[in-house]
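Worksheet for the structure shown next.
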Amino acid sequence: MLNKLAIPVAVIYTLVLITLSLVRVNNMPSFGTDYDDKFYHLAAYFILMVLWYFAVGSGSGKKRILNIALACIVFGIVIEAIQGKLIVNRVGDLLDALANIVGTIIATFVVLNREKNLS
């Protein structure tokens, strides 16, 4: 059964992600590596994929899951392109886009595995 909160949570998370992606964010916690922001991108898109999976409805089948994943990947690439072309204080980064894709792919495997275990 579709949780009534899943869609609003996914929409709000997506809007927050857009906002954070298009404004300058300072003083993010650091893990002490040069790639901290890549971890944040990976985690953000992992969460995005999982939230939309539950919003669309778990048990929805492989094709729908792959469509959600494709939408998340395209979304991440478009956000990076917008950063590079339209936002003055932000820079689009190919490695950020790659981290977005990797986070989505990892989440896709997790939800596909969940679907397999449910059936």
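Summary table
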quantity: Qualifying position, being in contact with a Phe, Trp or Tyr (Cβ under 8 Å, 6 or more places away or on another chain) and hydrophobic (A, V, I, L, M, F, W, C), among Leu51, Leu70; calculated: Leu51
quantity: Ile65 being of a type in the set (Val, Ile, Thr), surrounded by 14 or more Cβ atoms within 10 Å (Cβ to Cβ) and touching a residue at least 40 places away in the same chain (Cβ under 8 Å); calculated: yes
quantity: Any hit, segment 38-56, residues being in contact with a Lys or Arg (Cβ under 7 Å, 6 or more places away or on another chain) and under 24 Å from Asn3 (Cβ atoms); calculated: yes
quantity: Pair list, Cβ under 8 Å, 6 or more apart: segment 30-50 residue modelled with pLDDT under 95, other residue among the basic types (Lys, Arg) and part of a helix (DSSP H, G or I); calculated: none
quantity: Matching entry among Ile101, Ile73, Ile79, Ile106 (being buried (at least 17 other Cβ atoms within 10 Å of the Cβ), closer than 25 Å to Asn3 by Cβ and touching a residue at least 24 places away in the same chain (Cβ under 8 Å)); calculated: Ile73
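The values are calculated or read from the model by the stated rules, or taken from the named source; none is laboratory data. Just so you know, these numbers come straight off a predicted model, no measurement behind them. Cβ atoms come from the backbone with ideal geometry, glycine included; neighbour counts cover every protein chain shown.
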